[in-house]
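K.L.:
Attaching a single structure in structure tokens format; questions to follow.
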Amino acid sequence: MAEAHQAVAFQFTVGPDGIDLQLSHEALRQVYLSGLHSWKKKFIRFKNGILNGVYPGSAPGFMLVLAGYLGRAHYLKVDPSLGLLVKLGRHVPVRYLEPICRFWQMLVGGVMVGTGLWIAIIFSMRTVLKGLLSWHGWMFAPHGKMTWQIRLWLILVNIFSGMQTPMLYSFQNSLPHLPVPSVKDTMRRYLESVQPLLSDEEHRRMQSLALDFEKNLGPKLQWYLKLKSWWASNYVSDWWEEYIYLRGRGPIMVNSNYYVMDFLYAFPTHLQAARAGNIIHAIMLYRRKLDRAQIKPLMLQNTIPMCSSQYERMFNTSRIPGIETDTVQHMSDSRHIVVHHRGRYFKVWMFYDGRLLLPREIEQQMERILADTSEPQPGEETLAALTAGDRVPWACARNAYLRHGKNKKSLDTVEKAAFFVTLDDTEQRPESLDHYAKSLLHGKCYDRWFDKSINLIVFKNGTMGLNAEHSWADAPIVGHLWEQVLSMDPVKLGYTADGHCRGEPHPNLPGPQRLQWNIPPECQTMIANSLSVAVALANDVDSHIIPFSDFGKGLIKKYKISPDAFIQLALQLAHYRDKGKFCLTYEASMTRLYREGRTETVRSCTMESCAFVRAMISNKTREEKLCLLTQAAKKHQQMYRLAMTGQGTDRHLFCLYVVSKYLGQDSPFLQEVLSEPWRLSTSQTPLQQGELFDLVNHPEYVTTGGGFGPVADDGYGVAYVIVGEKLINFHISSKCSSPETDSHRFGNNIRQAMLDMLNLFELDKKTLK
């Protein structure tokens, strides 16, 4: 068993000769190093706060402004304080100023005025930059064409962004606020989006409802939204997090959480403990860079900054269940992780001797846990099933049984950990990607802590993946972490010839601490009930993964078609072949061009896409089909750009609905709109840091991507990742209980749709090469 090491700083005994005090110098040393680490972290955050607060200003810029101002004042023989000291002398007794010579009075006054000038320049640059970033004409320009207006705009953005290298949060105060679309525009876009799905009579009825809303209740609700947009950083994000995620009372496992997979072809090591050692160390290195704001902010075209606010709660974060709504608990720091193995929980410190544990030392801790033969305590083995079931029973069990004594201490340890690790006792292989995906999505329903922001799952044969809670951030944020971790694991960190982490074990490293629980029978009954709910949900998931390698974005882009639009049209064609009808389709788009932006919906089923699909199943000529494909792709790109620039439909309608509920005024139009099911929910997981992977020389390092559970009972969930130039991975999910869906059948339809669309283009062998 891996013994729990508890360092005691001092001991004392009382005897006839008085008190015998015995100090433990090692324990005191560890206390000192821990405090030193904490103060270093506080100083770095304080420094970064100042640097971000004055960005795009810098220390050299401050000295330049100050020297220029004082030099100009000296040359012109004017008072550099602009009379500031004279005015100060009217309020301060003369005896306090007399000891200060005239030169120093002028210098101090000049520095004060120069500093004020520097701050004014900073705020002016920030205001101009915010205005520049509010213009999105560059996005709507024809692909590959750079007008003089766009060139001038890019030059100005570069100038007002400052000359120094930005930190992660440098641009936050310069990003514009998400604009509120007009009610009229939203009604027009909504009616256009549902036209292919409704009969003429049904569409006229929706037009009537929309017109009534636009003329009557809509303007009143819009006024409140405008007021919020002026006051808050983002008029959508806080309500989106609360009402879409935190107020949901159903299970978050499958329904909300999502997963990310390992390499598709590479197997760095077969040792479970070694893989965990490298990956945990890489994640902790990323966290350190995140704490120091040393991660480069994501920039479109290496110029246009995107919001970084979602990174703030990546680590040390847990979702806390409540009766009516959950909350997100975020700790400023955490020095430990919690590891789950065969129903037991272990606390593992990540720092020793004032430094982060090395990969081989973490492997050493994992080996101790794997070698532990102790049995789970009563109720401990399936405890995490509470996080997989309905939220209200979990909140009741937590408040009644887990907030006192040793249970509170152990639960706090889990919820305040940097992240959660599961050493899974099953093996997952790429030959069975479907089973692999299901394991990451839900596992056994009691071996992942689904409330933690990040669950790292390492399987018995060394493969691994993530399960992420969704409320705190969207998938691209976790994807950014995962890309850096995967790029470090086999190359920068590496393994020895026998599969261990590089380095040597630590001879004096204290072992993991086993968490202690006292779970009463009543709580065990509630755990069993949650587990039955979760198992039923997990067993109903039909998952299928397709590594589509026939062609990729490289060939699609040769024909001047957006790869995302091409894939979305293929999904429309596949769905029509699968079900014989069109459906309301959700594609997630990001709005991180705005401060605290998250996502917007692209309604991919359009009149143009439907016309193309009908042509594909008809006897129309190849030229007609190709023309309709091009038109549909252009329409999709236009809608995606509108969504990215705050001109989408669904977030505006959602916020109008929230305001109507606050005012207690029901809207038949909004109620009907927000009750429409998304039977095809799609999302692209973009590869954000392609420069980290040399896929030309090391094609085995392609990632598999990730996916999510089905959104509708009779619908499909499809996530896809475009990897390199020749691979597209599809992650398809549906429910086994639905007679209308079959993930494998839909996967075959997607593959065939992609090939059929490619055949529309006249290809020759030279082009294919």
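K.L.:
Among the residues of region 404-432, write down those that are within 26 Å of residue 373 (Cβ to Cβ) and polar (S, T, N, Q).
P.N.:
Selection gives 407, 410, 413, 422, 426, 428.
K.L.:
Only one of these is of a type in the set (Gly, Ala, Ser), over 28 Å from residue 237 (Cα atoms) and in contact with a helix residue (DSSP H, G or I) (Cβ under 8 Å, 6 or more places away or on another chain): 379, 405. Name it.
P.N.:
Numbers: 405 fails: in contact with a helix residue (DSSP H, G or I) (Cβ under 8 Å, 6 or more places away or on another chain).
After ruling out the rest, the residue left standing is 379.
K.L.:
Can you tell me which residue among 560, 553 is on the phi > 0 side of the Ramachandran plot and open to solvent by 30 Å² or more (accessible area, probe 1.4 Å)? Before the answer, list the steps.
P.N.:
Values: 553 fails: on the phi > 0 side of the Ramachandran plot.
The unique qualifying residue is 560.
K.L.:
Would you confirm whether any residue within region 528-541 is in contact with a Cys (Cβ under 6 Å, 6 or more places away or on another chain), open to solvent by 40 Å² or more (accessible area, probe 1.4 Å) and at pLDDT 95 or above?
P.N.:
Yes, region 528-541 contains at least one residue that is in contact with a Cys (Cβ under 6 Å, 6 or more places away or on another chain), open to solvent by 40 Å² or more (accessible area, probe 1.4 Å) and at pLDDT 95 or above.
K.L.:
Another one. Just checking, which of 733, 681 is part of a strand (DSSP E or B), under 30 Å from residue 557 (Cβ atoms), at pLDDT 95 or above and out of contact with any helix residue (DSSP H, G or I) (no Cβ under 9 Å at 6 or more places or on another chain)? Steps first, please.
P.N.:
Working: 733 fails: out of contact with any helix residue (DSSP H, G or I) (no Cβ under 9 Å at 6 or more places or on another chain).
Checking each option against the conditions leaves just 681.
K.L.:
Just a yes or no: is a residue in region 745-753 under 15 Å from residue 548 (Cβ atoms), open to solvent by less than 40 Å² (accessible area, probe 1.4 Å) and in a loop (DSSP other than H, G, I, E, B)? Quick ask: steps written out before the conclusion?
P.N.:
The initial filter retains those residues of region 745-753 that are under 15 Å from residue 548 (Cβ atoms), namely 746-753.
Next, from what is left, pick out any that are open to solvent by less than 40 Å² (accessible area, probe 1.4 Å): 746-747, 749-750, 753.
Within this subset, residues satisfying the condition of being in a loop (DSSP other than H, G, I, E, B) are none.
No, every residue in region 745-753 fails to be under 15 Å from residue 548 (Cβ atoms), open to solvent by less than 40 Å² (accessible area, probe 1.4 Å) and in a loop (DSSP other than H, G, I, E, B).
K.L.:
Check off (1) open to solvent by less than 50 Å² (accessible area, probe 1.4 Å); (2) more than 23 Å from residue 194 (Cβ to Cβ); (3) in contact with a helix residue (DSSP H, G or I) (Cβ under 8 Å, 6 or more places away or on another chain) for residue 595 and give me the number that stays unchecked.
P.N.:
That leaves (1) as the condition not met.
K.L.:
Follow-up. Give the residues of region 633-651 that are crowded, with 19+ Cβ neighbours inside 10 Å and under 16 Å from residue 180 (Cα atoms), sorted by residue number.
P.N.:
Within region 633-651, 642, 643, 644, 645, 646, 648, 649, 650, 651 qualify.
K.L.:
With the structure loaded, tell me whether residue 275 is open to solvent by less than 70 Å² (accessible area, probe 1.4 Å), touching a residue at least 40 places away in the same chain (Cβ under 8 Å) and not in a helix (DSSP H, G or I) or whether it fails that test. Please lay out each step first, then the result.
P.N.:
Numbers: open to solvent by less than 70 Å² (accessible area, probe 1.4 Å): yes; touching a residue at least 40 places away in the same chain (Cβ under 8 Å): yes; not in a helix (DSSP H, G or I): no.
No.
K.L.:
State the number of residues belonging to region 684-734 that are surrounded by 24 or more Cβ atoms within 10 Å (Cβ to Cβ) and over 23 Å from the mean Cα position of the chain (by Cα).
P.N.:
Going through region 684-734 one residue at a time, the tally reaches 2.
K.L.:
Next question. Scan region 520-528 and tell me whether some residue there is outside the structural domain of residue 194 (by the TED database) and not in a helix (DSSP H, G or I). Spell out how you get there, then give the answer.
P.N.:
We begin by selecting, within region 520-528, every residue outside the structural domain of residue 194 (by the TED database); these are 520-528.
Cutting the leftovers down to not in a helix (DSSP H, G or I) gives us 520.
Checked region 520-528: at least one residue is outside the structural domain of residue 194 (by the TED database) and not in a helix (DSSP H, G or I).
K.L.:
Exactly one of (1) at pLDDT 95 or above; (2) open to solvent by less than 10 Å² (accessible area, probe 1.4 Å); (3) not aromatic (Phe, Trp, Tyr) is unmet by residue 325. Its number?
P.N.:
(2)
K.L.:
Tally up the residues in region 340-351 that are open to solvent by less than 30 Å² (accessible area, probe 1.4 Å), in a strand (DSSP E or B) and out of contact with any helix residue (DSSP H, G or I) (no Cβ under 6 Å at 6 or more places or on another chain), please.
P.N.:
Matching residues across region 340-351 total 3.
K.L.:
Those residues that are open to solvent by less than 10 Å² (accessible area, probe 1.4 Å) and more than 30 Å from residue 129 (Cα to Cα), I need them from region 301-320; list them, please.
P.N.:
Scanning region 301-320 gives 315, 316, 317, 318, 319.
K.L.:
Go through the residues of region 425-432 one by one and say whether even a single one is open to solvent by 50 Å² or more (accessible area, probe 1.4 Å), part of a loop (DSSP other than H, G, I, E, B), assigned by the TED database to the domain that holds residue 365 and over 18 Å from residue 262 (Cα atoms).
P.N.:
As a first pass, look at region 425-432 and keep what is open to solvent by 50 Å² or more (accessible area, probe 1.4 Å): 425, 427, 429, 431-432.
Now narrow it down to the ones that are part of a loop (DSSP other than H, G, I, E, B): 425, 427, 429.
Then keep just the ones that are assigned by the TED database to the domain that holds residue 365; that gives 425, 427, 429.
Okay, now just the ones that are also over 18 Å from residue 262 (Cα atoms), so none.
No, every residue in region 425-432 fails to be open to solvent by 50 Å² or more (accessible area, probe 1.4 Å), part of a loop (DSSP other than H, G, I, E, B), assigned by the TED database to the domain that holds residue 365 and over 18 Å from residue 262 (Cα atoms).
The values are calculated or read from the model by the stated rules, or taken from the named source; none is laboratory data. Not measured: the values here are computed from a predicted model. Note that each Cβ is placed from the backbone with ideal geometry, even for glycine, and that neighbours are counted across all protein chains shown. Please note that ligands, DNA and RNA were not included when accessible areas were found on the heavy atoms of the full protein model with its side chains. Shrake-Rupley method; radii C 1.70, N 1.55, O 1.52, S 1.80 Å.
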